[in-house]
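Q: I have a structure here, written as C-alpha cells, and I will follow up with some questions on it.
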Amino acid sequence: RLVDKLHEQIECPVCLEIPDAGPVFICPNGHLVCSKCKSNSCPTCRDKMSEGRSLLAVTVLENIEHKCRNQQCDQLLPLAEIGAHRKVCTYRLIKCPATLCEDKVSFCSLIDHLMTDCSHSCAKEEKKIDDLTSMEGFFISYNVFEGEEYKTETFLWNGNYFFFNTITANGYWTFHVEMLGDEEECSKYRSQLVLHKYKDIEADDDYVYRFTGKPCSVEEEKDSKKETGLNVSNKMMTKLSRQVMKDDDDYDFKIS
C-alpha cells in the first residue's frame with residue numbers, strides 16, 4: 001500500500017520512529033533523518049550531513065496516521081490527535097505510587113504491579129484491596145518508629161483506585177492521597193485526612209490536624225507529591241501520640 005510505503009520512507013533509520021514534527025533533515029543522496037538523531041554524517045550512506053531539510057517529508061508526516069509510541073498500544077491517529085492521545089493512553093508509563101519504589105509500569109497494569117510485584121505495597125502483603133465504597137471513611141492505626149518505611153495503602157472507592165502514603169523525613173511527617181487518574185479526573189474528588197490521638201475516635205480532643213483537598217494524580221512527580229497533603233512536625237507528633245514504649249521515637253496515633 002502507498003501509505004505503508006510512505007511510512008517506510010520517512011522512518012528515521014536511527015531511532016526507527018516516524019517523526020511527529022519537522023524539520024526532517026536530508027543528505028545529498030536523499031536519505032532522511034529526524035532532528036533528534038541528526039549528526040555530522042548520514043546514518044545511511046555516511047556522506048556529510050548539511051542543513052538540508054525535506055519539505056516533502058514534513059508534508060507527508062503531517063498527513064499520515066501516526067502509531068502511539070507506548071508499548072502494546074496499537075492506536076493509529078492523525079498527527080493533530082496523537083499528542084492528546086498519548087497523555088491519556090492506558091499504556092502510558094507511570095511511576096509506582098509507593099514512595100520507595102522507582103518502577104515504571106503502564107497505567108493499565110499499575111494495580112497488578114501493586115498486587116504482585118511491588119515490595120512496598122500493602123496490597124501485595126495483604127493480597128487484597130479494600131473497597132470503601134459503602135463506608136464513610138477508614139482508620140489507619142500506627143505504632144511505629146520515626147524514619148521507618150511505610151508501605152502504600154491501596155483502596156477502591158466508587159470504581160476508582162486511591163493510594164495513601166506516609167513519609168517521615170527532615171523532622172516532618174507527611175500524609176497524602178493519590179488517585180489513579182489524570183488531573184481532570186482528580187479534580188472531581190475531595191479527600192479529608194484527620195490526624196488524631198489513638199483513643200480520640202471522634203477527633204475532638206486536643207492536637208487534631210486536618211487536611212481537605214483534591215487527591216494528587218499518580219502521575220505527578222514524587223517530590224511534588226511530598227509537599228501536598230497533611231504535614232506535621234515531629235514535635236507536634238510527639239504531643240499527639242501516646243508513648244507506649246517510653247521511647248522518644250515511638251509514635252502511636254490514628255489517621256482517618
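Q: At a 1.4 Å probe, what is the % contribution of carbon and sulfur to the accessible area of region 1-124?
A: It is 52 percent, rounded to a whole number.
Q: Same structure again: Pull out the extension gain between Glu125 and Glu81, defined as 0.36 nm times the separation in residues minus the alpha carbon to alpha carbon distance; nm, one decimal.
A: 11.7 nm
Q: Quick one: of Lys87/Lys222; Lys104/Lys128; Lys38/Lys95; Lys5/Lys87, which pairs are farther than 25 Å apart, Cα to Cα?
A: Lys38/Lys95; Lys5/Lys87
Q: If you place +1 on the Cβ of every Lys and Arg and -1 on the Cβ of every Asp and Glu, how big does the dipole about the Cα centre of region 1-54 come out, in debye to the nearest 20?
A: Magnitude of the dipole: close to 160 debye.
Q: Ok, one more. If you place +1 on the Cβ of every Lys and Arg, -1 on the Cβ of every Asp and Glu, and leave all else neutral, what size is the dipole of region 37-91 about its Cα centre, to the nearest 20 Debye?
A: With only Lys, Arg, Asp and Glu charged at Cβ, the dipole is about 260 debye.
Q: While we're here: Taking Rh as the Kirkwood radius, which is the inverse of the mean 1/r over Cα pairs, what is the Rg/Rh value for region 1-114?
A: Working: Rg = 17.4 Å, Rh = 16.0 Å.
Reported Rg/Rh, Kirkwood definition of Rh: 1.09.
Q: By average Cβ neighbour count within 10 Å, what is the ranking of 175-188, 79-92, 11-24 from highest down?
A: The densest-packed peptide leads the list: 175-188, 11-24, 79-92.
Q: Just the number please: accessible area per residue for region 46-115, 1.4 Å probe, all protein chains included, in Å². All intermediate terms of the calculation are to be shown ahead of the outcome.
A: Numbers: 4290 Å² over 70 residues.
Accessible surface, normalised per residue, equals 61 Å².
Q: How high is the relative contact order of region 1-118? Use alpha-carbon pairs under 8 Å, at least six apart in sequence, and give a whole percent.
A: The normalised contact order for region 1-118 reaches 16 percent.
Q: Looking at His85, Gln9, Cys45, which one has the Cα that reaches farthest to the positive end of the dipole of region 1-138 (charges on Cβ: Lys, Arg +1; Asp, Glu -1)?
A: My answer, from the dipole projection, is Cys45.
Q: Here is a follow-up. Full extension from Val58 to Tyr172: what is 0.36 nm times the residue separation minus their Cα-Cα distance, to one decimal in nm?
A: Result for the pair: 35.7 nm of gain on full extension.
Q: R0 = 35 Å: FRET efficiency of Leu6 with Ser109, Cβ-based, nearest 0.05?
A: Efficiency, from the Cβ-Cβ distance: 0.60.
Q: In the neighborhood of Glu62, defined by Cβ-to-Cβ distances under 15 Å, what is the net charge if each Lys or Arg adds +1 and each Asp or Glu adds -1?
A: -2
Q: Over 29 Å between C-alpha atoms is what I'm after, so list which of Lys36/Lys225; Lys127/Lys235; Lys36/Lys124; Lys124/Lys225; Lys151/Lys235; Lys127/Lys226 land there.
A: Beyond 29 Å between Cα atoms: Lys36/Lys225; Lys127/Lys235; Lys36/Lys124.
Q: Residue by residue through region 155-164, what is 3J(HN,Hα) from phi via Karplus (6.51 cos²θ - 1.76 cosθ + 1.60, θ = phi - 60°)? Round to whole Hz and write x for glycine and proline.
A: 10, 10, 9, 6, x, 10, 9, 10, 10, 10
Q: Starting from the Cα-Cα distance between Asn40 and Thr238, subtract it from 0.36 nm times their residue separation and give me the gain in nm to one decimal. It would help to have the intermediate numbers written out before the result.
A: Numbers: separation 198, 0.36 × 198 = 71.28 nm, distance 6.31 nm.
Taking 0.36 nm per residue and subtracting the Cα distance, the gain is 65.0 nm.
The values are calculated or read from the model by the stated rules, or taken from the named source; none is laboratory data. Treat the numbers as computed from the prediction; the structure is a model and nothing was measured. Using ideal geometry, Cβ is built from the backbone for each residue, glycine included, and neighbour counts are taken over all protein chains shown. Protein only, heavy atoms only, side chains kept; ligands, DNA and RNA dropped before computing areas. Shrake-Rupley method; radii C 1.70, N 1.55, O 1.52, S 1.80 Å.
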